[in-house]
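What follows is a set of notes on a single structure, which appears directly below.
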Amino acid sequence: MGIVERLDGRPTTYRRNESYLRWKRVESLAQEHSVSDLRAELESLLSEDESFQTQFGVPDPDAVSPKSVDVADHDALHDRWDALTRWRTVREDLAVLQEALHRASGDSNGQTGTSASV
């Protein structure tokens, strides 16, 4: 089914097929949600992404300097790392939603949708 990939070696091991799982997620979103719902969620995530950019003062979560996360208070450090983790999740969700929106828009126009490159 393509859900896992077999790795060479003994003992036989497997790993998740991330491409398949992403494709499945895009297809599910495109089929289960309206174009307007997908757009609304996309707008919400874009707003959240902009808030993180303002909060951290950089355009991307990977641009955050480890020194800027180094704070003395354990709770503050935990909150900062949680925020960075959420920002990375928002970025991944944005990419998936954009593909799903493209797919749903293509399907709603009577076309065969294809995944958009992000």
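Within the bounds of the stretch 72-89, is there any residue that is under 16 Å from ARG22 (Cα atoms) and of a type outside the set (Phe, Trp, Tyr)? Scanning the stretch 72-89 turns up at least one residue that is under 16 Å from ARG22 (Cα atoms) and of a type outside the set (Phe, Trp, Tyr). In this structure, is GLU50 acidic (Asp, Glu) and modelled with pLDDT of 95 or more? Yes. Note on the stretch 36-77: residues that are acidic (Asp, Glu), surrounded by 10 or more Cβ atoms within 10 Å (Cβ to Cβ) and either over 22 Å from ASP93 (Cβ atoms) or touching an Asp or Glu at 6+ places or on another chain (Cβ under 9 Å) (or both) total 1.
Could you go through the stretch 84-98 and let me know if any residue there is surrounded by fewer than 16 Cβ atoms within 10 Å (Cβ to Cβ) and either at pLDDT below 90 or farther than 30 Å from GLU5 by Cβ (or both). Checking the stretch 84-98: not a single residue is surrounded by fewer than 16 Cβ atoms within 10 Å (Cβ to Cβ) and either at pLDDT below 90 or farther than 30 Å from GLU5 by Cβ (or both).
The residue of the stretch 14-35 that is nearest to the chain's Cα centre (by Cα), among those that are surrounded by fewer than 13 Cβ atoms within 10 Å (Cβ to Cβ) and at pLDDT 95 or above, is SER28. Quick check, is GLU41 modelled with pLDDT of 95 or more and within 14 Å of the chain's Cα centre (by Cα)? Yes.
The values are calculated or read from the model by the stated rules, or taken from the named source; none is laboratory data. Everything numeric here is computed off the predicted structure, so don't read it as measured data. We place every Cβ from the backbone using ideal geometry, glycine too, and count neighbours over all the protein chains shown.
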